Structure formats: C-alpha cells, structure tokens
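J.: Here you go, one structure.
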Amino acid sequence: MARITMREAISQALMEEMDRDPAVFILGEEVGVWGGTYAVTKGFYDKYGAERVKDTPIAENAILGAAIGAAMVGQRPIAELMTINFAFSAMDYIVNQAAKLRYMFGGQFMLPLVIRAVGGGGRQLGATHSQTPDAIFAHFPGLKVVSPGTPADAKGLLKSAIRSNDPILFIEHATMYQVRGEVPDGEFLIPIGKSTIQRPGKDLTIVTYCKGLELSMKAAEELAKEGIEAEIVDLRTLRPLDMEPVLESFKKTNRAIVVEEGWKSYGVGSEIVSRIYEEAFDYVDAPILRVAQKEVPLPYNRTLEQAALPQVPDIVAAAKEVLK
Amino acid sequence: MDKENLLQMYYEMVLIRRLEERGAELYQQGKIGGFMHLYIGQEAVSTGLIAAREPRDRVITAYRDHGVALNCGISANEVMAELLGKATGMSKGKGGSMHMADTSKNMWGGHAIVGGHLPIAAGFALGDQYAGNDNITICMFGDGATNIGYFHEALNLSKTWNLRVLWVCENNQYGMGTAVDRASAVSEIRQKAEGYGMMNSRVDGMDVVKVHEAASEALKYIRTEGKPFLLEIMTYRFRGHSMGDPERYRQQEEVKKWQENDPIGIFRNYLAAQKIAAGNDLDGIDAQVEIEVQKAVEFAEASPEPALADLYTDIYADADIR
Ligand SMILES: Cc1ncc(C[n+]2csc(CCOP(=O)(O)OP(=O)(O)O)c2C)c(N)n1
Ligand SMILES: [Mg+2]
C-alpha cells in the first residue's frame with residue numbers, strides 16, 4: 001500500500017499490464033516521445049519502445065479504427081484520446097463499430113479494447129475542450145463506460161479494463177491527476193460494473209462518480225458539521241450500471257441527490273433518478289434532486305466557468321433541500 | 001509593395017511579437033488561463049498572407065490565432081482583453097486565446113479542434129459561390145492538421161466543386177511533439193494537394209516579402225480561375241507548443257538555429273538593404289508598439305469581467321432559451 005496520485009495509479013496499472021501481457025500496447029497522440037500530454041505515460045517510450053508505445057498522427061478515426069482492427073485479430077490495444085472531446089471526431093468508431101461489431105457478426109470475435117480519454121471542465125479551456133459527455137457514451141449497448149473517482153479505483157478498474165474482452169471507454173478527469181490516495185501495490189483488481197459505498201451515512205444518499213465524488217466527499221464533511229450524515233455511493237462504472245448499492249442505500253435513507261459534472265438534461269442523474277423511481281418508489285420520501293452543470297457550453301472566463309460547474313455549496317444546498 | 005505597406009507589415013510583426021511576449025508574462029502571473037499557443041517565430045506567415053487579401057476575403061485559422069487576429073485589424077486592446085477573459089474582448093471573454101474572431105473584419109476565428117475548421121472554410125466558399133461573388137476564403141492550419149480526415153475531405157470537396165479557397169499550411173515542422181516525418185506519409189505537405197489535382201506551391205515563411213508574393217499569386221489564380229490552391233509555408237515556432245511544453249522532442253541547437261533566422265530580423269535587413277527604412281525609423285516603430293501593448297495591458301486589466309448573466313447569452317439566436 002502506498003499513497004500515490006491518480007496519475008501514478010493509472011501509470012502503474014498500464015505498466016503492470018504491459019509487463020504481464022505482450023499483447024497490450026498503447027497508441028495515441030503524444031503518448032510516446034512527449035510522455036503523454038498529462039504525463040501519464042512518461043518513461044513508457046524509453047521502457048517499451050516505439051513498437052508498444054505508438055505516437056500516432058492527429059487522426060482520431062484512424063487511431064480508434066486501427067485499435068479496433070488490432071483488437072479483433074487478437075491484440076489488446078489501449079487507445080488514448082488526448083481528450084474525450086476528440087471522441088466526437090471519431091464517434092462512428094465508438095458507436096457504430098466498437099459497440100456493435102461483435103454483436104452484428106454473431107459473436108465470432110472479441111473486441112478487447114480500452115479507450116482512455118481525459119474529460120472534464122474547470123481548466124478554462126473553452127467550450128470545445130471542457131466537456132463531460134460521459135452520459136452520451138453510456139447510452140450505447142455494446143460499450144462499457146468506466147470513470148473512477150479515486151486513485152485505488154483508477155488502478156483496479158483500469159487493470160480489469162485491460163483484461164476485459166470488451167470495448168471499454170475509460171474516462172479520467174483532467175483536474176484529478178494530483179488527487180492522492182492509498183493504492184495497493186502490484187496485483188489489484190476492481191471488477192467492472194460494481195458500484196460501491198465511499199462513505200457510510202444514514203440521512204440521505206448521494207449518488208455520484210468521478211469528479212462528483214471529490215465534490216460530494218467535501219460536501220459530506222460540510223453536512224457532517226451540521227449533524228447530517230450523507231451516504232455516498234460511487235457508481236464507478238456507468239455501463240453496465242450496478243444499482244444494487246444505490247437501492248440498498250436509498251431504502252435506508254429514503255432521500256437522495258445525484259451529483260455529476262455533465263449537463264443535467266438527459267444525463268447520468270436522469271438515469272439514476274428514473275431507476276430509483278422504477279425500483280424503489282415506495283421508499284421515496286422527497287423528490288430526488290440532481291446537481292449538475294448549468295445548461296451552457298463552458299465559457300473561457302474563469303468566474304463564468306466556475307459558476308457553470310457544480311460546486312460543493314450546490315451539493316450541500318440540494319442535500320438540505322431533500323431533507324426538508 | 002510601397003513603403004507604407006511594407007512598414008505596416010513590419011509594424012504588425014513587431015506588434016504580434018511584443019503582445020505575445022507580454023501575454024506570456026501575464027500567463028505566468030496567472031492572469032491568463034487555459035491553453036495559450038504563441039505565434040512567435042511565425043509572424044511573417046500571417047502578416048505576409050493577410051496583407052495580400054482583399055478586405056472581402058475571409059480568414060479562418062486554428063487556435064494559434066493572436067497574430068492572425070491582429071493582422072486582420074482586431075485591436076491589441078481586444079486581443080489582450082480576450083486573453084484576460086474580459087467582457088471587452090472580441091469574443092466577450094467566452095472564447096479566450098484559442099477563439100478570437102471578429103466577423104466584421106472577416107476574421108472567422110480561431111478554432112481548437114484540429115482540422116475541424118477546414119470543411120467549414122469550404123462552406124464559406126460554398127456560400128460565396130452560391131451568392132455569386134468571387135470572395136476568397138483563406139484557411140490556415142498546421143502541418144499536423146493535414147493528417148486528419150477533415151483536411152482530405154475538405155480539399156477534395158473544394159476541388160470538385162471549384163470553391164475559392166486558399167488552403168494555407170503553416171508547416172512549423174511539428175504537431176505538438178511530433179515531427180512531420182513521424183506523422184505524415186509525405187514530408188512536403190504540398191504533395192497532398194497533388195492527389196486532388198490542386199495547384200500548389202511552397203514558400204519560405206521566415207521572409208514576409210516572399211510570403212506576400214506567393215500569397216498574392218495564389219489569390220490571383222483562385223480569383224480568376226475559380227479554383228482552390230494550396231500554399232505550404234515553411235516556418236518554425238520559437239516557443240513551446242503551448243505554455244508549459246517540456247519540449248523533450250527537439251534539440252535546443254535546432255531551436256537556436258531557427259531563432260537566428262528571426263523573421264523580424266530578416267525583414268529589418270531587407271528594409272535597410274532596399275533603403276526603405278533605416279534602423280532608427282524601425283526602432284521608432286518598435287517604441288510605438290511598446291506603448292500600444294502597454295496600453296492594451298492596462299485596458300484589459302481595467303476592463304470589467306463579463307456579467308454572470310452572460311453565461312446564458314449567445315447560446316441560441318432565437319430569444320435566449322435555457
Ligand atoms: C481533433 C483534435 N485532436 C487533437 C487535438 C489536440 N491538439 C491540439 S494542437 C495539436 C497539434 C497540432 O499541430 P499542427 O496542426 O501542426 O499545428 P501547430 O500547433 O504546430 O500550429 C493537437 C494534437 C485537437 N485539438 N483536436
Ligand atoms: Mg505544426
């Protein structure tokens with residue numbers, strides 16, 4: 001066990017899996033000589049060489065298409081999208097190809113592909129470079145979508161993702177690489193598709209993931225000062241969605257909010273709230289609220305951007321509202 | 001080109017250089033955020049190019065856009081204000097460094113999705129063709145952008161439909177840390193135009209006079225023939241890709257070698273050799289720029305932040321809907 005950053009945890013997972021399985025290789029923009037734009041693959045090029053750490057042209061379609069092809073013939077590529085915003089330039093490969101090829105051909109082959117992508121706002125990168133579009137990707141059957149909120153989960157989930165035989169979109173948050181946490185050394189796997197309780201509590205349930213987890217943990221501390229004990233359920237995987245811990249918690253607290261960084265309309269929260277109403281209607285004591293991004297493209301100006309993103313006080317206020 | 005125009009180009013190049021140097025300082029002080037890509041070293045490219053356009057010709061470029069903005073006649077005040085995210089910036093503080101546009105000056109933006117603006121440029125030319133005018137769209141992009149599908153789709157369309165586009169590849173020899181030969185199947189980008197049967201040429205981008213000549217010729221061809229043209233301009237960025245680039249991918253000697261080829265220095269020598277302006281005259285322009293940039297910084301710092309309500313403006317053209 002060591003206290004390391006999210007960046008180190010992801011790096012560790014990649015390295016351990018590359019050491020374990022020669023079929024694993026990385027391709028993407030600036031992953032090699034540069035060392036990764038977020039320095040996640042720093043040192044990889046020297047250690048594994050250009051064969052296994054492939055710098056690509058700026059060509060998202062070719063990156064994902066080639067990764068899909070290589071996966072179909074038995075390799076285990078990890079394709080890196082410099083940011084998730086560039087996934088839109090290669091949407092066809094994610095939606096029409098990766099998510100469907102196996103099914104359409106009656107399961108004749110596997111598609112063991114990990115697409116790593118950095119998402120999230122808060123860095124003043126402007127409207128096209130700041131998005132948290134996770135919900136869109138979770139919409140498509142055939143794709144798995146994972147987005148960790150702690151360094152330990154990042155390591156354990158990424159290792160599992162690389163070993164999985166299915167296409168997985170692995171979403172990291174650009175402002176969380178410095179987040180520190182205890183991470184087990186060496187072999188450590190967290191199953192894909194399992195939600196978990198990150199903080200026990202009895203008064204209300206906060207359902208969240210990724211950046212929302214960081215914010216919700218802070219909000220829970222604020223609430224605790226006023227004697228309110230929030231239970232935090234971290235989804236970790238958006239598809240397949242594991243509602244068990246959410247429902248179990250909700251049946252105990254009868255009140256919930258959902259916290260996500262993406263836009264509210266048609267978002268992760270919309271899905272969670274519907275599921276709770278569908279599966280635990282009798283336990284509902286108050287309307288379930290969603291805390292999410294304002295319905296605007298993110299602006300460059302720092303004050304405006306921060307005003308558009310969900311913040312700790314928004315979570316505290318929503319929690320108090322459902323407890324009224 | 002007459003003396004006045006030559007000195008105007010000199011002034012613009014120095015303005016870009018000085019404004020960006022101040023911008024870099026303000027970035028270090030945390031007054032500018034996000035990604036900021038400096039144009040330093042490449043000033044001759046947009047200066048020579050845009051000096052050759054008619055005001056009715058449209059310009060569109062990538063995120064490395066401060067120079068292009070200034071060349072198109074956007075004021076230093078507005079550029080600096082946008083960098084600081086102020087309401088007085090041309091994009092009202094919503095766009096930042098990568099998204100400078102003033103459509104009244106036919107500057108259609110800074111665009112941050114690599115290659116994404118190329119098909120849009122073809123669309124400008126389509127709109128103008130449809131309207132029956134002979135306006136030209138000047139579309140600038142990097143060497144790295146020629147490896148993405150957008151580039152190829154846009155070139156093909158422009159040739160097939162006889163669209164008046166001047167495709168300008170600013171070959172600064174790297175896309176982030178990737179040298180051209182590590183990412184492109186051909187090292188001369190202009191060769192890519194050959195595949196689409198498109199007229200093309202290649203010019204030294206450290207010499208503003210040569211850039212201006214090459215651009216003028218290309219524009220004349222496009223205007224009269226009603227066909228697109230690809231101009232590859234060889235250049236080099238003296239600074240990192242953006243602020244905070246560790247620059248592990250290139251040798252300091254290489255950077256030094258290019259810095260000795262400073263486009264501003266080359267142009268000064270040219271102006272002196274042609275007896276157009278003496279060192280003193282040019283120093284006078286430098287001093288004038290210094291004041292203009294200082295005023296721009298003061299203007300930007302004193303400018304108001306956008307109002308919180310502005311979060312919700314400009315989303316839709318129909319009465320703003322949440
Ligand atoms: C579709 C897309 N992919 C990746 C990026 C990230 N990115 C921004 S600039 C850049 C390099 C572009 O190089 P080039 O076209 O040569 O322009 P230069 O920066 O050299 O002016 C990359 C990879 C992006 N913005 N958009
Ligand atoms: Mg380049």
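J.: Out of all the residues in the stretch A:218-230, is one or more under 15 Å from the mean Cα position of the chain (by Cα) and either surrounded by 22 or more Cβ atoms within 10 Å (Cβ to Cβ) or closer than 24 Å to residue A:125 by Cα (or both)?
T.: Within the stretch A:218-230, none of the residues are under 15 Å from the mean Cα position of the chain (by Cα) and either surrounded by 22 or more Cβ atoms within 10 Å (Cβ to Cβ) or closer than 24 Å to residue A:125 by Cα (or both).
J.: Can you name every residue in the stretch B:119-153 that is out of contact with any Asp or Glu (no Cβ under 8 Å at 6 or more places or on another chain) and within 14 Å of chain A (Cβ to nearest Cβ)?
T.: Passing the criteria: B:120, B:144, B:145, B:146, B:147, B:149, B:150, B:151, B:152, B:153.
J.: If you don't mind, there's one more thing I want to ask. Working only within the stretch B:156-167, note down all residues that are assigned to a strand (DSSP E or B) and either without any contact (Cβ under 8 Å) to a residue 60 or more places away in the chain or within 14 Å of ligand 1 (Cβ to nearest atom) (or both).
T.: B:167
J.: Please determine, by comparing only the residues of the stretch B:131-150 that are in a loop (DSSP other than H, G, I, E, B) and within 10 Å of ligand 1 (Cβ to nearest atom), which one is farthest from residue B:52 (Cα to Cα).
T.: The qualifying residue farthest from residue B:52 (Cα to Cα) is B:148.
J.: Output the number of residues of the stretch A:84-127 satisfying the condition of being touching a residue at least 12 places away in the same chain (Cβ under 8 Å), in a helix (DSSP H, G or I), more than 13 Å from chain B (Cβ to nearest Cβ) and of a type outside the set (A, V, I, L, M).
T.: Residues that pass the stated criteria total 3.
J.: Let me ask something else about it. Can you work out which of the residues in the stretch B:144-179 that are farther than 18 Å from residue A:82 by Cα and within 16 Å of ligand 2 (Cβ to nearest atom) is most open to solvent (accessible area, probe 1.4 Å)?
T.: Going through the qualifying residues, I end up with B:173.
J.: Out of B:188, B:170, B:153, I need the residue that is within 16 Å of ligand 1 (Cβ to nearest atom) and assigned to a strand (DSSP E or B). Which one?
T.: Values: B:188 fails: assigned to a strand (DSSP E or B); B:153 fails: assigned to a strand (DSSP E or B).
Residue meeting the stated conditions: B:170.
J.: Something else about it: For the structure I just gave you, tell me whether residue A:319 is surrounded by 24 or more Cβ atoms within 10 Å (Cβ to Cβ), in a helix (DSSP H, G or I) and over 21 Å from the mean Cα position of the chain (by Cα).
T.: yes
J.: Within the stretch B:219-237, can one find any residue that is touching a Ser or Thr at 6+ places or on another chain (Cβ under 9 Å), over 16 Å from residue B:53 (Cβ atoms) and not in a strand (DSSP E or B)?
T.: Yes, the stretch B:219-237 contains a residue that is touching a Ser or Thr at 6+ places or on another chain (Cβ under 9 Å), over 16 Å from residue B:53 (Cβ atoms) and not in a strand (DSSP E or B).
J.: OK, next. So which of B:58, B:18, B:53 is under 19 Å from residue B:286 (Cα atoms) and open to solvent by 10 Å² or more (accessible area, probe 1.4 Å)?
T.: Criteria check complete, one pass: B:18.
J.: Search the stretch B:60-85 for residues that are within 13 Å of residue B:38 (Cα to Cα) and pair each with any residue that is within 16 Å of ligand 2 (Cβ to nearest atom) and open to solvent by 20 Å² or more (accessible area, probe 1.4 Å) when their beta-carbon atoms are under 8 Å apart and the residues are at least 6 apart or on different chains.
T.: B:62/B:111; B:62/B:114; B:62/B:142; B:63/B:35; B:63/B:111; B:64/B:142
J.: Identify, from the list A:13, A:39, the residue that is of a type in the set (A, V, I, L, M) and open to solvent by less than 30 Å² (accessible area, probe 1.4 Å).
T.: A:13
J.: A further question on this structure: Go through the stretch B:282-300 and count every residue that is open to solvent by 80 Å² or more (accessible area, probe 1.4 Å) and among the acidic types (Asp, Glu).
T.: 1
J.: Check the stretch A:274-282 and report whether any residue there is more than 23 Å from the chain's Cα centre (by Cα), open to solvent by less than 50 Å² (accessible area, probe 1.4 Å) and away from chain B (no Cβ under 14 Å).
T.: So far as the stretch A:274-282 goes, yes, one or more of its residues are more than 23 Å from the chain's Cα centre (by Cα), open to solvent by less than 50 Å² (accessible area, probe 1.4 Å) and away from chain B (no Cβ under 14 Å).
J.: Would you confirm, using the coordinates I've provided, whether residue A:65 is away from ligand 1 (no atom under 14 Å from the Cβ), open to solvent by 10 Å² or more (accessible area, probe 1.4 Å) and free of Cβ contacts under 8 Å to residues at least 40 places away in the same chain?
T.: On the way: away from ligand 1 (no atom under 14 Å from the Cβ): yes; open to solvent by 10 Å² or more (accessible area, probe 1.4 Å): yes; free of Cβ contacts under 8 Å to residues at least 40 places away in the same chain: yes.
Judged against the criteria, residue A:65 is a match.
J.: Of everything in the stretch A:47-63, what is away from chain B (no Cβ under 11 Å) and either of a type in the set (Asp, Glu) or within 30 Å of residue B:153 (Cβ to Cβ) (or both)? Give them in sequence order.
T.: Selection gives A:51, A:53.
J.: Now for a different question. Quick one: residue B:253 ticks every box in (1) more than 14 Å from chain A (Cβ to nearest Cβ); (2) assigned to a loop (DSSP other than H, G, I, E, B); (3) farther than 27 Å from residue B:15 by Cβ bar one, so which box is it?
T.: (2)
J.: Something else now. When only residues in the stretch A:68-83 that are part of a loop (DSSP other than H, G, I, E, B) and away from every other protein chain (no Cβ under 14 Å) count, which is nearest to ligand 1 (Cβ to nearest atom)?
T.: It comes out as A:75.
The values are calculated or read from the model by the stated rules, or taken from the named source; none is laboratory data. Treat the numbers as computed from the prediction; the structure is a model and nothing was measured. Cβ coordinates were reconstructed from backbone atoms using ideal geometry, including for glycine residues, and neighbour counts include every protein chain displayed. Remember, those area values only see protein heavy atoms, side chains included, never the ligands or the DNA or RNA. Shrake-Rupley method; radii C 1.70, N 1.55, O 1.52, S 1.80 Å.
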